[in-house]
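Everything below concerns the one structure shown next.
The values are calculated or read from the model by the stated rules, or taken from the named source; none is laboratory data. Predicted model, so just to flag it, every value in this text is computed and none were measured. Ideal geometry is used to build each Cβ from the backbone, glycine not excepted, and the neighbour counts take in all protein chains shown. With ligands, DNA and RNA removed, areas are computed over all heavy atoms of the protein, side chains included. Shrake-Rupley method; radii C 1.70, N 1.55, O 1.52, S 1.80 Å.
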Amino acid sequence: MRTLPRRLGVAVIVAVIVAFLSIKLDTFRDYQIAEIAVEVTAVAGLTLLTGLSGQISLGHGAFMAIGGYTAALLLMHLNWPFEVALVAAAVVAAASGAVVGAAAARLRGPYLAGATLMLGVALPSLAYAYPGLFGGDQGLNVAFTTPGFLGATFPLTRWQAWVSAAAALITLVLLANLYYSRIGRNWRAVRDDEVAAALDGVNVAAARILAFVVSAACAGLAGALLALVTELVAPGAFTITLSIALLTAAVIGGLGSLPGALWGSLVIVLVPTYVTDVATSHGLSSSVGSNIPVAAYGVVLILVMLVFPQGIQGGLRRLLALFTGPDQKTPKRSALPVAPPADQARASHHALLARGDEPESPPDPPEKEGTS
């Protein structure tokens, strides 16, 4: 609880910076801010799942599709407020994550990766199977307008950036508190050694399922935000490429690090745009230019793994440690006083009794000089 006000203060400062940038920048940059916030929301949940609980997911795009279609259907048919639709999308995705997590609790390593990969490939195809409900290949149009109190001239892209950034900041604050809670410690214990965690009283299956639920809720919220930003929900937006991009962002930023979710999201949003602009300016064909962002992902990932094996956030910590040096507040370890031989013998005897081991005979105190 002592650190909660500090995290809220950081979130408020970041919100003010985002609002200032969105006012000063143009419409396209506002759209990029909204897109980065959407990616941060999804990547934060994935880095918590993979980096903290040790579970690999290659199908998080499916949970984003669940959230996006849920929000679109609620806005279109029930005319719910977008805030309620966002919460409902996260809840529905969390319920789906509980079902997937129950199955994933029995899988490990490549088997879990393969199962989630199949989910990411198969689930978006339901839009083609039920075109009357999900719109088929064309998808569903999402109506999202600027509230009236902001005025008729307020840009829609700026409002989309504000809503997405607010949702991302709230998600990060909640995940940060969960990270340092007892639940987060249980996840780290399960990740490091499941047998030791089970012997310590941790319900391993429940911990793994809960990690999937939280991560799926974040992905569902990100999918709903993506629907509000693009004003369209279509199966082409939730392909397996999206799932791989999310995992790439989590690895580049640093697995298990919430600030790393921001760095990874910046990479996967800004690098393709910059590379595409460079390719277009040099007159490359559309077929070649469309494949350059994919190659750029690979190059950036290889460079980060070679230079910063723990991701960008881990590299920043190492650089900061080099400039600041060791922590001066940490006291040096002093030599402990050596106990007399008789006290050492009694301490060893009591330690054996505490463990339940009975020594052959209690140690006798050493004889003093001049006594028989």
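Quick look at the values:
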read-out	value
Residues of the range 142-154 satisfying the condition of being in contact (Cβ under 8 Å) with a residue 60 or more places away in the chain and surrounded by fewer than 16 Cβ atoms within 10 Å (Cβ to Cβ)	A143
Residues satisfying the stated conditions in the range 239-259, i.e. under 23 Å from V173 (Cα atoms), of a type in the set (S, T, N, Q) and surrounded by 24 or more Cβ atoms within 10 Å (Cβ to Cβ)	S257
Test: G61 is crowded, with 22+ Cβ neighbours inside 10 Å, in a helix (DSSP H, G or I) and modelled with pLDDT under 95	yes
Check on V84, more than 30 Å from T27 (Cα to Cα), within 27 Å of the chain's Cα centre (by Cα) and of a type outside the set (K, R)	no
In the range 109-141, residue modelled with the lowest pLDDT [restricted to those that are surrounded by fewer than 12 Cβ atoms within 10 Å (Cβ to Cβ), among the small types (G, A, S) and over 18 Å from L242 (Cα atoms)]	G109
Residue match in the range 30-51 (condition: part of a loop (DSSP other than H, G, I, E, B), touching a residue at least 24 places away in the same chain (Cβ under 8 Å), more than 23 Å from V271 (Cα to Cα) and open to solvent by 10 Å² or more (accessible area, probe 1.4 Å))	no
All positions within the range 70-81 that are under 23 Å from the mean Cα position of the chain (by Cα) and either of a type in the set (D, E, K, R) or open to solvent by less than 20 Å² (accessible area, probe 1.4 Å) (or both)	A71
Count of the range 165-198 residues which are surrounded by 20 or more Cβ atoms within 10 Å (Cβ to Cβ), over 16 Å from the mean Cα position of the chain (by Cα) and of a type outside the set (A, V, I, L, M, F, W, C)	1
Any hit, the range 195-217, residues being part of a helix (DSSP H, G or I) and either touching a strand residue (DSSP E or B) at 6+ places or on another chain (Cβ under 9 Å) or among the acidic types (D, E) (or both)	no
Boolean, L178 is within 21 Å of G97 (Cα to Cα) and out of contact with any Leu (no Cβ under 7 Å at 6 or more places or on another chain)	yes
